[in-house]
Every structure is written in structure tokens, then in C-alpha cells.
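A.B. asks: Would you mind keeping the following structure in view while I ask a few things?
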Amino acid sequence: MQNPGIDTQPFYLRLHWQIAAAMVAGILLGSLVGDPAVTAVGWMGTIFVRLLRMVIVPLIFTSIVSGVAAVGSGSSLGRLGLRTFFYYIVTSFAAILTGLVLVNLIGPGRGADLGPASMATVPEIETPSNLAEIFVRMIPTNPVRALAEGDMLAVIFFALVVGVALTRLPTTRFDRLRFLFEDLFELMMKITGGIIRLAPLGVLGLITRSVATSGVQSFGPLGVYALTIVAGLGIHVLVTLPLLLTTVGRMNPLVHYRNMSEALLMAFSTSSSSATLPVTLRCAEERVGVSNRTASFVLPMGATVNMDGTALYECVGVIFISQVLGFGLDFSAQLTVVITALLASIGAAGIPSAGLVMIFVVTESVGLKGPEVGLIVGAMLAIDRPLDMLRTVTNVLSDSCGAAIIAVHEGEAGINES
Ligand code: ASP
């Protein structure tokens, strides 16, 4: 479904320009005015994120159930599922390998002295004690609790089970329930549309707060580490994904990026793939032209499972820690990092700083333990916000490229290439 009116509006009425203007205003307010500005506009960001989070669980649930039901049972579901997982895995590995090469070449942690930067405390997000647990915990013992607590992997699992079972019901029941889930999904998207109109105000609040509170922190030795990650994300966003779009998707990357610009700006402002999901879905369907069937299968799962930016970050982060500690990682240890970075990115929730906290899973896997590791992660936290913003953009972009590429291969007409 295209929105023909959208590009004929004057530029200042277009949402992505309004969001961009709000970002600039937020940077100015946060850096020049500081705390009083946070008091004045910070609440708008908080309310905006709460509104987005309000729709996430019902949106993910109804969109996956109706997505699976629309794909139908048997071979077409299998084919779409395989394509989706293949895409997730290939792009996440490509991102990790980019990070691995860069961190070994640049060596940001060799001889680094992190000094007082390591005093920050790491936020408390529960990390699974081992990687197998990520998969075990995907199965909710109580789906209502999983929904209530917003436990995304468990919600996705239950939604997939419901969707698949639905396709096996007799036709009358199948149709009735399928239409019900589709209608509920449309209802959530309608609410989302209203929330998104508030985006410029929300972004103003969010950016003002993050600029005023994190400021330009004690970069020093962490600067090279941050630049390594930025370079890796840059290669992934500007080279790897465009190459995939051009060769596998036969699409113009510039057009795709422009079509997704609202979602990318939102990812940058909220640092949360989950909070951005409503916008990602809307851009992919209304501007890129991906069908609801494909978008509602690929994107909600992608927001939790497919995190290329986070995967790259886990790999660079852990090797950085090992370099700071002077702890050499041989080939097999680096291979362990690659695999656990992938699993950690799958297990990480689509919320701010989730990637930083999951780093402990990867450090443990190669035997990096003890209080020094916590101190270095504390230092990394000091400059995590801007990195989190960029890896969230990468995560959301990769999901959207996946939806577009898979849509093309599913033979969908209506992909917007102009
Ligand atoms: N904030 C990221 C996201 O929501 C996850 C991370 O911390 O890497 O995609």
C-alpha cells in the first residue's frame, strides 16, 4: 500500500524532516541549556516511549499470528521461515566478521588505561547464566505472564505456535480467527499511526536528555574503541547491506534507506528496536511496499532476534576487553566469541543498553571473569549511549532490508524502487 500524498507535501510537513529538525533542536538544547531544558522537554520523550511500548506486545503478538496465518501452512510457511532465518544468520555473521577483522587490525584495547572512566555502574538487566538457557527460556510456562512481562522471545514463540496451530483448524474456524487477529493487528497499527504523529515532540525530549546527560564523555582511550565500532557499523550499513539490497534484492539502496528514514531516525532517538517496531512496520508496508504477510512475519521477530549492530558490538567489545586485560585470544577462543556474539545478539532484548549487558555472556564463554571485567564494562557504559543509538539503527535497518529482500523473493509486486 503506497501513500501517494506523502511526497507531495511541502518538506516541513513531512515527518522525517520534522524529526530531523527535532533532533537538531534537541542537540542544541541539551548542549547549550542542559538540565533546565531536560526539565522542560524531557517528559515528552518519556511519554512518547511509554506510548510506543504500550503497543509493542499486542502488536508483536497479533502481527506474528496473523502473519503466520496469512502465509498458510506447510511449504510456504517453511520457505518463508527458512529465508528469514537464513537472512538473519548471514547478515549477523557478516557484521560479526567485520567487527572481528577491525578490532584485530586496530587493537583499540592494547595498552589502554581506562582510569576513572571505569567508575560507572552497569544497569541491571537479567542476563541468562548460559547460552542454552536463551533457548529454554523461549518457551513460556505461562504465556499470559510472558505477555504481561513483555518477555519478547517467549511472546514470539507462543505467537508462532498459535499461528501454526490456527492454520490447522477447519476452514470456518480458521477464517474467523484469522480475520479477528488481522483486525486486531490493524487496530494496533491505527493506534501506532496516532502515536507516530507525536514523534517530533518525543524525539526532542529524548535527544535533549541524552545530549545533556551523557554529553561528550571522557573519550580518551575509549575513543579508539568507539571509533572501531562506528567504523564496523559504517561498513555494515554503507557497504554490506547495500550490496545485499543491490545483488540479492535487485533494489536501489538509496531509495530503500529514504523510505525507511522515519524508522531509522526513531531507532536513533529511542535506542530501542522494540520501541521502533511500530514505525518499522509502517514504513516497510506503506513506503517500501512490503506486503503485510511478509512484514508481519519478518519484522517483529527481527526486532528481537536479528541484531546485526549488537552482534558486531558484542564481538568488538569482548575482544577489546581481552586486549585491555592483555589476555590473548587464540583462534578457537575467537571462534567462540563469534558464535556466542551471535547468540547473545539473538538473546538481547530490543531495549536500550541490552547489548552492553549481554556482553557478560560472551566474556564468560572465553573465561574472562572477575571484577576487572566489570570495571571495563563500566567504562564502556560511559560512552554506550551514542554507540547504542548507532547499533539500534543498524539493527532496524537490517530487519527492513531483510523484509524487502524476502518480499522480492516471495514474488511480491509493489516494492517501491523509485
Ligand atoms: N538497543 C539495542 C536495540 O534495541 C540493543 C542493544 O543494546 O544493542 O536494538
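A.B. asks: All but one of (1) modelled with pLDDT of 85 or more; (2) within 23 Å of THR310 (Cβ to Cβ) hold for LEU114; which doesn't?
C.D. replies: Condition (1) is where LEU114 drops out.
A.B. asks: Return yes when SER296 is of a type in the set (Gly, Ala, Ser), at pLDDT below 90, open to solvent by less than 20 Å² (accessible area, probe 1.4 Å) and more than 14 Å from the ligand (Cβ to nearest atom) and no when it is not.
C.D. replies: Yes.
A.B. asks: In the set THR340, THR363, THR280, which member is within 16 Å of the ligand (Cβ to nearest atom), under 14 Å from VAL396 (Cβ atoms) and either part of a helix (DSSP H, G or I) or touching a Lys or Arg at 6+ places or on another chain (Cβ under 7 Å) (or both)?
C.D. replies: Being within 16 Å of the ligand (Cβ to nearest atom), under 14 Å from VAL396 (Cβ atoms) and either part of a helix (DSSP H, G or I) or touching a Lys or Arg at 6+ places or on another chain (Cβ under 7 Å) (or both) holds for just one of THR340, THR363, THR280, which is THR280.
A.B. asks: If you take the residues of the stretch 385-418 that are within 13 Å of the ligand (Cβ to nearest atom) and open to solvent by 10 Å² or more (accessible area, probe 1.4 Å), which of them is modelled with the highest pLDDT?
C.D. replies: Ranking the candidates gives VAL393 first.
A.B. asks: To continue, here is another question. When you check GLY150 against the structure, is it in contact (Cβ under 8 Å) with a residue 24 or more places away in the chain, surrounded by fewer than 17 Cβ atoms within 10 Å (Cβ to Cβ), within 18 Å of PHE61 (Cβ to Cβ) and of a type outside the set (Asp, Glu), yes or no?
C.D. replies: Yes.
A.B. asks: I need the full set of residues from the stretch 197-237 which are polar (S, T, N, Q) and modelled with pLDDT of 80 or more, in order please.
C.D. replies: Selection gives THR208, THR228.
A.B. asks: Mind listing whichever residues of the stretch 343-356 are aliphatic (A, V, I, L, M), within 8 Å of the ligand (Cβ to nearest atom) and in a helix (DSSP H, G or I)?
C.D. replies: Residues satisfying the conditions are ALA354, LEU356.
A.B. asks: Return a yes/no flag: does the stretch 245-268 have any residue that is part of a loop (DSSP other than H, G, I, E, B), among the charged types (D, E, K, R), open to solvent by 20 Å² or more (accessible area, probe 1.4 Å) and more than 15 Å from the ligand (Cβ to nearest atom).
C.D. replies: yes
A.B. asks: Follow-up. Checking the conditions here, which among GLU182, GLU186 is open to solvent by 70 Å² or more (accessible area, probe 1.4 Å) and under 13 Å from PRO58 (Cα atoms)?
C.D. replies: On the way: GLU182 fails: open to solvent by 70 Å² or more (accessible area, probe 1.4 Å).
Among GLU182, GLU186, only GLU186 is open to solvent by 70 Å² or more (accessible area, probe 1.4 Å) and under 13 Å from PRO58 (Cα atoms).
A.B. asks: Modelled with pLDDT of 85 or more, aliphatic (A, V, I, L, M) and open to solvent by 30 Å² or more (accessible area, probe 1.4 Å) - does that describe any residue in the stretch 58-70?
C.D. replies: Taking every residue of the stretch 58-70 in turn, none turns out to be modelled with pLDDT of 85 or more, aliphatic (A, V, I, L, M) and open to solvent by 30 Å² or more (accessible area, probe 1.4 Å).
A.B. asks: Would you be able to say whether some residue in the stretch 322-334 is part of a helix (DSSP H, G or I), of a type outside the set (A, V, I, L, M), surrounded by 20 or more Cβ atoms within 10 Å (Cβ to Cβ) and away from the ligand (no atom under 14 Å from the Cβ)?
C.D. replies: Filtering the stretch 322-334 down to residues part of a helix (DSSP H, G or I) leaves 322-324, 331-334.
This time we only want the ones that are of a type outside the set (A, V, I, L, M), so: 322-323, 331-332, 334.
Next cut, surrounded by 20 or more Cβ atoms within 10 Å (Cβ to Cβ) only: 322-323.
Filter again for away from the ligand (no atom under 14 Å from the Cβ), leaving 322-323.
So far as the stretch 322-334 goes, yes, one or more of its residues are part of a helix (DSSP H, G or I), of a type outside the set (A, V, I, L, M), surrounded by 20 or more Cβ atoms within 10 Å (Cβ to Cβ) and away from the ligand (no atom under 14 Å from the Cβ).
A.B. asks: Is it the case that some residue within the stretch 234-252 is in contact with a Gly (Cβ under 8 Å, 6 or more places away or on another chain) and farther than 15 Å from ILE196 by Cβ? Please lay out each step first, then the result.
C.D. replies: Looking only at the stretch 234-252, we keep the residues that are in contact with a Gly (Cβ under 8 Å, 6 or more places away or on another chain), and these are 236.
Now drop any that are not farther than 15 Å from ILE196 by Cβ, which leaves 236.
For the stretch 234-252, residues in contact with a Gly (Cβ under 8 Å, 6 or more places away or on another chain) and farther than 15 Å from ILE196 by Cβ: present.
A.B. asks: Would you confirm whether or not the stretch 69-77 contains a residue that is closer than 30 Å to ALA226 by Cβ, in contact with a helix residue (DSSP H, G or I) (Cβ under 8 Å, 6 or more places away or on another chain) and of a type outside the set (Ser, Thr, Tyr)? Give the derivation first.
C.D. replies: Looking only at the stretch 69-77, we keep the residues that are closer than 30 Å to ALA226 by Cβ, and these are none.
No, the stretch 69-77 contains no residue that is closer than 30 Å to ALA226 by Cβ, in contact with a helix residue (DSSP H, G or I) (Cβ under 8 Å, 6 or more places away or on another chain) and of a type outside the set (Ser, Thr, Tyr).
A.B. asks: Another question about this same structure. Given the residues LEU368, LEU375, which is the only one that is touching a Ser or Thr at 6+ places or on another chain (Cβ under 8 Å), part of a loop (DSSP other than H, G, I, E, B), more than 16 Å from the ligand (Cβ to nearest atom) and at pLDDT below 85?
C.D. replies: Within the list LEU368, LEU375, the selection yields LEU368.
The values are calculated or read from the model by the stated rules, or taken from the named source; none is laboratory data. Fair warning: this is a prediction, and the values are worked out from it, not measured in the lab. Every residue, glycine among them, receives a Cβ derived from its backbone with ideal geometry; neighbour counts consider all protein chains shown. In case anyone asks, the SASA skips ligands and DNA or RNA and just uses the protein heavy atoms, side chains included. Shrake-Rupley method; radii C 1.70, N 1.55, O 1.52, S 1.80 Å.
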